[in-house]
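Student: Can you keep this structure in mind? I'll have questions shortly.
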Amino acid sequence: MAPILEIKNIETYYDLIYAIRGASLIVEQGSITAILGNNGAGKSTILKTVMGLIEDQPDKGSIEFLGERIDGLDTEKIVRKGLIYVPEGREVFNELTVDENLLMGAYTRNDRKGMAQDFERVYAYFPVLAQRKKQWAGTLSGGEQQMLAIGRALMGRPKLLLLDEPSLGLSPILVQEIFKIISAIKEEGVTIVLVEQNAKKALAISDFALILENGRFVMAGPSAKLALDKDVQEFYMGARSEESAKGYQRWKRKKRWR
Amino acid sequence: MIDFIQMLLSGVAVGSSYALMGLAMVLIYKTSEVVNFAQGEMALVSVFMTYLVLATHGWPFHLAFPAALVFSFFLGCFLEWAVLRRAKTPNILSMIIITIGIEMILLGLVSWKFGADPKTLPFPIGPYDAFMIGDLFISELEIMTLVLALAIMAGLFLFLRYTRFGMAMKATQQNPVAARLMGIRVNRILMVTWGISAGVGCVAGLLIAPTVMSPFMMWDPMLKGFAGAVLGGMTSLPGAVAGAYIVGVVENLFGGYVSTEFKSVVAFVIIVVVLCVKPSGLLARHYVKKV
């Protein structure tokens with residue numbers, strides 16, 4: 001099957017900052033692809049570049065969605081093709097109710113029947129939200145807002161869902177729950193790209209993973225394989241190698257990657 | 001007592017046209033954070049265009065007034081599209097300067113085309129048609145202004161509350177980036193907001209024109225409307241309406257009991273006092289914006 005998303009060698013500038021320094025990525029249909037990396041590695045920037053949120057970017061390279069070039073298009077048009085992004089930090093509409101937020105998620109659609117079904121589906125995924133239907137989104141807790149942000153994205157019937165740090169700032173139990181739901185969404189046939197700092201959890205649910213550092217992918221492979229890799233364990237999952245010469249080794253290996 | 005009620009009534013009546021101007025400014029401010037000082041002159045152009053088709057080309061009223069609304073809608077859309085959208089890296093100050101620029105250009109155009117001397121707009125109701133209830137003197141134009149203002153407010157409320165486009169306008173106000181991510185065409189929303197706002201302003205202008213009509217007729221109502229909007233918190237539509245009515249009523253009472261010379265000033269005194277006591281305005285409710 002043809003890949004759903006193909007990024008070829010993109011380079012992105014954030015004003016004067018050279019943020020993405022040539023990154024390529026193929027997302028297979030029906031998979032979860034995780035992008036891991038430290039703070040400031042450029043994970044979110046990749047997603048924002050794909051969504052056309054950074055003006056006049058990517059500077060170089062191309063992005064294809066279902067075989068069609070989408071780089072340089074307006075965000076609105078990209079969304080209408082079925083590529084939906086859940087931004088970091090939720091970004092719900094604070095002064096709209098939960099119901100209205102979900103309705104806005106379905107803004108591009110006109111099929112009343114399908115929308116009614118999707119409302120039910122979202123409320124089935126997130127029963128908490130059903131209890132808060134008429135409440136302003138700004139009054140929800142952080143976890144509820146994250147659920148709402150994901151639910152809102154689902155209302156647009158995404159073909160490809162981009163999730164930016166869905167576990168950010170949530171309690172461990174909620175993180176567990178959110179990840180469970182992400183797997184369930186995948187089972188329904190939605191392809192997912194997941195950007196995460198929580199490498200352990202992300203590797204556990206994804207099929208394929210890439211590691212980003214300083215705007216370049218430095219490692220890629222099936223998630224199960226990456227999870228066993230010594231470097232990945234040490235640098236991203238917090239495992240420790242032996243005490244002796246640790247500092248030196250760490251420095252040397254990191255250096256090699258760049 | 002009868003004097004007091006009479007002044008209250010005229011205050012409410014004049015407050016209605018302030019309220020329409022205030023509403024128009026708040027609509028734009030909420031969506032794009034631009035304080036639109038050209039609001040009055042946008043209405044002015046529409047009023048003079050109506051004058052042109054009514055007095056010079058002899059259009060009937062039932063054609064001229066809807067045409068004026070349509071014209072003002074497109075004028076608003078055009079200004080947003082042609083001028084405001086072109087501003088690169090906009091900040092509040094430069095936007096204000098731009099709207100003041102638009103204001104002067106429009107004012108200049110109107111003065112140049114029609115001359116600065118006062119005119120009379122042909123209108124179905126004369127400014128002095130009135131009736132008495134007991135000892136109260138009520139002008140028909142005032143009643144019409146009040147009714148139209150209330151109808152427009154109700155219409156706007158229903159539109160923002162129950163239509164998808166209205167909801168998208170609110171979503172855009174609250175979080176433009178997230179709105180784009182929903183597939184909402186934010187630029188189009190901004191443009192239509194300007195159009196609607198210009199339409200609301202145009203109604204205010206047409207209701208003021210039978211009493212005064214000259215290139216400077218919109219200055220006072222716009223500033224008072226702005227004052228009312230600030231009083232109400234600048235981001236709340238009901239707040240702007242309430243604020244404008246307060247300005248209208250207080251101004252009239254002050255004029256009646258204290259001094260007519262300082263009547264116009266009193267509005268701004270209220271603003272200063274309110275801003276000192278409750279800087280966010282009377283009815284504004286906000287979530288603090290994350291930076």
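Student: Just grab the label-to-label distance for B:Ile97 and A:Leu168, each label 7 Å out from Cα along the Cβ direction, in nm (one decimal).
Tutor: Reported label-point gap for B:Ile97 and A:Leu168 is 3.5 nm.
Student: Quick check: convex hull over the Cα atoms of chain B, volume per residue in Å³, rounded to an integer?
Tutor: Looking at chain B, the number lands at 145 Å³ per residue.
Student: Using a 7 Å offset from Cα along Cα-Cβ at B:Ile125, what residues in segment B:209-240 end up with backbone N under 17 Å from the label point?
Tutor: B:209-212
Student: On C-alpha positions alone, give me the angle between the axis of helix A:112-125 and the longest principal axis of chain A, in degrees, nearest 10.
Tutor: Its long axis makes an angle of about 50 degrees.
Student: For a quick check, take a GNM of chain B with Cα springs below 10 Å and name the residue from B:Gly58, B:Gly239, B:Gly248 with the largest mean-square fluctuation.
Tutor: Answer for the Gaussian network model of chain B: B:Gly58.
Student: Let me ask something additional. Taking H placed 1.01 Å from N in the peptide plane, check which residues at least 5 places from A:Tyr14 or on another chain put their amide H under 5 Å from its amide H.
Tutor: Placed amide hydrogens put A:Ala19 under 5 Å from A:Tyr14.
Student: Given the DSSP H assignment, sum -39500 (n - 2.57) over each helix run of at least 4 residues in chain A and divide by its residue total; what's the result at 222 nm in deg cm²/dmol, nearest 500?
Tutor: Result for chain A, helices only: -11500 deg cm²/dmol.
Student: Got a sec? What order do B:Ile271, A:Ile35 fall in by accessible area at 1.4 Å, biggest, i.e. largest, first?
Tutor: From most accessible down to least: B:Ile271, A:Ile35.
Student: Ok, one more. With a 1.4 Å probe and every protein chain left in place, tell me how much accessible area B:Val273 has, in Å² to the nearest 10.
Tutor: 80
Student: Can you tell me which of A:Lys180, A:Lys113, A:Lys48 moves the most in a GNM of chain A? Springs connect C-alpha atoms under 10 Å apart.
Tutor: A:Lys113
Student: Segment A:125-197: which GluC sites (Glu not before Pro) are DSSP loop and have at most 13 other beta-carbon atoms within 10 angstrom?
Tutor: Passing both the DSSP loop test and the Cβ count: A:Glu188.
Student: Further question on the same structure: Using alpha carbons only, how many degrees (0 to 90, rounded to 10) separate the axis of helix A:246-257 from the longest principal axis of chain A?
Tutor: Tilt relative to chain A: about 70 degrees.
Student: Please tell me which of these pairs span more than 23 angstrom C-alpha to C-alpha: B:Lys113/B:Lys224; A:Lys113/A:Lys133; A:Lys43/A:Lys201; A:Lys201/A:Lys225?
Tutor: In this structure, B:Lys113/B:Lys224 exceed 23 Å between Cα atoms.
Student: Charges on Cβ only, +1 for Lys and Arg, -1 for Asp and Glu, centred on the Cα centroid of chain B; of B:Ser10, B:Val192, B:Ser46, which one is farthest towards the dipole's positive end?
Tutor: After comparing all options, I get B:Val192.
Student: Using only DSSP helix segments of four residues or longer, with each worth -39500 (n - 2.57), what per-residue ellipticity at 222 nm results for chain B after dividing by its residue count and rounding to 500?
Tutor: Per the formula, -23500 deg cm²/dmol.
Student: If every alpha-carbon in the protein assembly as shown counts as one equal scatterer, what log10 I(q)/I(0) does Debye give at q = 0.06, 0.13 1/Å?
Tutor: Log10 of I(q)/I(0), two decimals: -0.40, -1.21.
Student: Further question: How large, in percent, is the carbon and sulfur part of the accessible surface of the protein assembly as shown at a probe radius of 1.4 Å?
Tutor: The C+S portion of the solvent-accessible surface of the protein assembly as shown is 62 percent.
Student: Evaluate the Debye formula for chain A with equal point scatterers sitting on the alpha carbons, no solvent, and hand back log10 of I(q)/I(0) at q = 0.09, 0.11, 0.17 Å⁻¹, in q order, two decimals.
Tutor: Results for chain A at q = 0.09, 0.11, 0.17 Å⁻¹ read -0.41, -0.61, -1.35.
Student: Checking the cross-link filter: which aspartates and glutamates have an alpha carbon closer than 20 Å to that of B:Lys170, excluding same-chain neighbours under 8 positions apart?
Tutor: Straight-line reach from B:Lys170, under 20 Å: A:Glu76, A:Glu91, A:Glu95, A:Asp99, A:Glu100, B:Glu33, B:Glu80.
Student: Could I ask something else about it? How much solvent-accessible surface does B:Cys276 expose, in Å² to the nearest 10, with a 1.4 Å probe and all protein chains in place?
Tutor: Approximately 100 Å² of B:Cys276 is accessible to the 1.4 Å probe.
Student: Over segment A:94-157, with the other protein chains present, what is the accessible area per residue in square angstrom, probe 1.4 angstrom?
Tutor: Heavy-atom SASA per residue in segment A:94-157 reads 41 Å².
Student: List every residue whose amide H lies under 5 Å from the amide H of B:Ala130, counting only residues 5 or more places away in sequence or on a different chain, with H placed 1.01 Å from N in the peptide plane.
Tutor: Amide H to amide H, under 5 Å and 5 or more residues apart or across chains, B:Ala130 pairs with B:Glu140.
Student: Accessible area lost on pairing A with B, both sides, 1.4 Å probe, Å² to nearest 100?
Tutor: So the total buried area for this chain pair works out to about 2500 Å².
Student: Here is a follow-up. Could you tell me the accessible area of A:Trp136 in Å² (1.4 Å probe, neighbours in place), rounded to the nearest ten?
Tutor: Around 70 Å² of this residue is reachable by solvent.
Student: Suppose R0 equals 60 Å; then what is the FRET efficiency for B:Leu109 and A:Gln131 from their Cβ-Cβ distance, rounded to the nearest 0.05?
Tutor: Details: r = 57 Å, r/R0 = 0.95.
Efficiency at R0 = 60 Å is approximately 0.60.
Student: Then there's this: Per residue, how much accessible area does chain B show when a 1.4 Å probe rolls over the protein heavy atoms, in square angstrom?
Tutor: Roughly 46 Å² per residue, with all protein chains present.
Student: To the nearest 10 degrees, how steeply does helix A:172-187 sit against the main Cα axis of chain A, on a 0 to 90 scale?
Tutor: Here the helix axis deviates by roughly 80 degrees.
Student: Which whole-Hz ³J(HN,Hα) couplings does segment B:235-252 yield from phi under the Karplus relation 6.51 cos²θ - 1.76 cosθ + 1.60, θ = phi - 60°, glycine and proline marked x?
Tutor: 3J(HN,Hα) across segment B:235-252, in whole Hz: 10, 10, 5, x, x, 4, 5, 4, x, 5, 5, 4, 4, x, 5, 4, 4, 5.
Student: Something else about it: In segment B:171-206, what residues drop by 50 Å² or more in accessible surface going from the chain by itself to the full protein assembly, probe 1.4 Å?
Tutor: The answer is B:Gln174, B:Asn175, B:Arg180, B:Leu181, B:Met182, B:Gly183, B:Arg185 - residues whose exposure falls by at least 50 Å² when every protein chain is included.
The values are calculated or read from the model by the stated rules, or taken from the named source; none is laboratory data. Because the structure is a prediction, the values reported are computed rather than measured. Ideal geometry is used to build each Cβ from the backbone, glycine not excepted, and the neighbour counts take in all protein chains shown. Note: accessible area is taken over every heavy atom of the protein model, side chains too, but ligands, DNA and RNA are not part of it. Shrake-Rupley method; radii C 1.70, N 1.55, O 1.52, S 1.80 Å.
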